Amino acid sequence: MKKHYRVVIIGAGIMGLSAAYHLARRGITDVLVIDRGYLCGGASGRNGGGVRAQFSSETNIRLMRESIEICRDFATEMKINVWFRQGGYLFLTRSKAQAAQLEASAGLQKRCGLATRLLSGREVQSIVPEIDTQGVELASFNPDDGVVFPWPFLWGYAQAAEALGVELATFTEVEGFATDGKRITSLALARTAHDALAAHDRAERTSAHGRGPQLAPESHTERPVQERFSVSAETVLCCAGAWSPNIAKMLDISLPNVPHRHEICSTEPLKPWLGPLVADLSNGLYFSQSARGEIVGGVSVEPVPHGINQRSSVQFLATYAQALVRTVPSMASVKVLRQWAGCYDLTPDQSPIVGRVDGCENFVLACGFMGHGFMMAPVMGRHLAEHIATEETSALFAQWNLRRFAEGNLLKSESMIIG
Ligand SMILES: Cc1cc2nc3c(=O)[nH]c(=O)nc-3n(C[C@H](O)[C@H](O)[C@H](O)COP(=O)(O)OP(=O)(O)OC[C@H]3O[C@@H](n4cnc5c(N)ncnc54)[C@H](O)[C@@H]3O)c2cc1C
């Protein structure tokens, strides 16, 4: 590892890796990406892989149209199979108020060039005959939405960025910063040996703290550090997802986003029967069928534990099973094989926080992507690379800047949030 980089990116989730790849594509290859854990250890390796342009805000619709196009070409460009399958997204509503909102969103989506169409309960069965449509007020369907397998998406970006000269350091954590009052002058890093970390995590799982499966990024006891050192950078990009407020706090910067646990599970593989990802806006239920046949899905469960928490609960399984079987009665006999959890990164107005931070001129944020940051990353990586390379603030970055919270300019909330 060198002593100085043009850009250091904190967090090797989909956002950090996409930004690194796009920086390198622009010729900025003097880039270091660090992550305290392994690739796919954060939300990027724990999500449902849903990719859709059906949103209620024009900004999200237009960005996601572009992202879907990138997803379509990703396998060819990166030479890795991401199991991208465009079976559409089918949104269900169960109240008049939500139906009216869905109708307005579908109208906007159509004006933005999407193929979204509205469906009555009965018409829903022409797309998924297995759905019990009793109580469904209105639905919307966009055939161009889809799903991917998240892990190879990260591997694809990581391999391609490294091939262009980017350095990637996993098991390397930011512990603090030195500043001159205006900018970051260096980052204090700690490297953990992979095997020592695995042993530490095994010990934690059986300790008084560990009452269930637990992974490296949320350790309670001190991690086994192999080496401490520092690096400097012209720009520091924070892509630490739900951990971003912790990173910003090291610089005395307060962020309004909070982690919010979301649980998810996967069943035994079934013969292909489900085309779209189905999302019920009344209870946060969503489910799709992976290319291997598993039904992957989740549901909202309240209350969630405070802070970063990636543990699974029985309450989730019971709530999910009830919601799923009500929607698709034939799922009653299917076995769940695996369940896990990750964190959404919630902001007060449900829009991300991106761009330079007032008072710390070489610190750039890219966080607060709620429960749809995976699908945003392909297009956001391009925008982040442009922001860093040109030092210009686009209209998008001005709108999503941190300063809106201090100024009281919160954005209109996105209504098509799942989970
Ligand atoms: C159950 C679930 C389902 C979801 N479903 C979808 C979906 O269908 N579609 C979709 O688009 N989105 C979905 N999301 C949201 C999506 O996963 C996230 O928005 C996205 O992955 C965020 O990516 P990221 O790179 O910003 O953060 P992350 O992937 O969380 O990466 C942040 C990284 O920062 C690292 N880090 C933290 N602290 C430090 C430190 N001090 N030093 C170094 N590294 C550090 C972490 O180890 C982590 O790897 C879902 C999320 C969950 C939890």
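What whole number of Å gives the distance from the Cα centroid of the range 238-302 to the Cα centroid of the range 338-381?
14 Å
Regarding the range 135-203, what are the three Cα extents along the principal axes, ordered largest first, in Å?
56, 41, 35
Can you list the lysines whose alpha carbon is less than 28 Å from that of LYS96, not counting same-chain residues fewer than 8 positions off?
Straight-distance partners of LYS96: LYS110, LYS412.
From the backbone phi of the range 388-394, what are the Karplus-calculated ³J(HN,Hα) couplings (6.51 cos²θ - 1.76 cosθ + 1.60, θ = phi - 60°) in whole Hz, Gly and Pro given as x?
Here the 3J(HN,Hα) series is 6, 5, 9, 6, 9, 9, 6 Hz.
Counting pairs of Cα atoms in the range 39-128, how many percent are more than 20 Å apart?
48 percent
Round to the nearest 0.05 the FRET efficiency obtained for GLN322 and SER95 when R0 = 25 Å and r is the Cβ-Cβ distance.
Calculated transfer efficiency: 0.85.
Taking just the alpha carbons, could you work out the radius of gyration and Dmax for the chain, both in angstroms?
Cα radius of gyration and Dmax of the chain are 21.2, 64 Å respectively.
Could you run the Karplus curve 6.51 cos²θ - 1.76 cosθ + 1.60 with θ = phi - 60° over the range 130-142 and give me ³J(HN,Hα) per residue in whole Hz, x for Gly and Pro?
Going residue by residue, I get 6, 6, 7, 8, 4, x, 7, 7, 7, 9, 9, 9, 10 Hz, with x marking Gly and Pro.
Can you work out ³J(HN,Hα) from phi for every residue in the range 181-189, in order, using Karplus 6.51 cos²θ - 1.76 cosθ + 1.60 and θ = phi - 60°, giving whole Hz and x for Gly and Pro?
x, 10, 9, 6, 9, 7, 10, 8, 10
Looking at the chain, what % of its DSSP beta bridges pair antiparallel, to the nearest 5?
So the antiparallel bridges amount to about 70 percent of the total.
Can you give me the accessible area per residue for the chain, using a 1.4 Å probe, in Å²?
For the chain, the solvent-accessible area averages 42 Å² per residue.
Net charge near THR267, counting Lys/Arg +1 and Asp/Glu -1 over other residues with Cβ under 9 Å of its Cβ?
0
Say each of GLU361 and ARG65 gets a label point 7 Å from the Cα, pointing the same way as Cα to Cβ; how far apart are those two points in nm?
3.8 nm
Identify the trypsin sites (Lys or Arg not before Pro) of the range 215-293 meeting these criteria: DSSP loop state and at most 12 other C-beta atoms within 10 Å of the C-beta.
ARG292
With the alpha-carbon atoms as the only input, what is the per residue convex hull volume for the range 349-419 in Å³?
Hull volume over Cα atoms, normalised by residue count, gives 92 Å³.
Pick from GLU58, GLU302, GLU263: which is most flexible by mean-square fluctuation in a GNM of the chain where alpha carbon atoms under 10 Å apart are linked?
Taking springs between Cα atoms under 10 Å, the residue moving most is GLU302.
Would you please give the residues with an amide H less than 5 Å from that of GLN226, counting only those at least 5 places away or on a separate chain, with H modeled from the backbone geometry?
It is ARG191, THR192, ALA193, by chain and number.
The values are calculated or read from the model by the stated rules, or taken from the named source; none is laboratory data. Worth saying up front: this structure is predicted, and the values here are computed from it rather than measured. Here Cβ is always computed from backbone atoms with ideal geometry, including for glycine, and neighbour counts include all displayed protein chains. The protein model used for the area step is the full one, side chains on, heavy atoms only, and it has no ligands, DNA or RNA in it. Shrake-Rupley method; radii C 1.70, N 1.55, O 1.52, S 1.80 Å.
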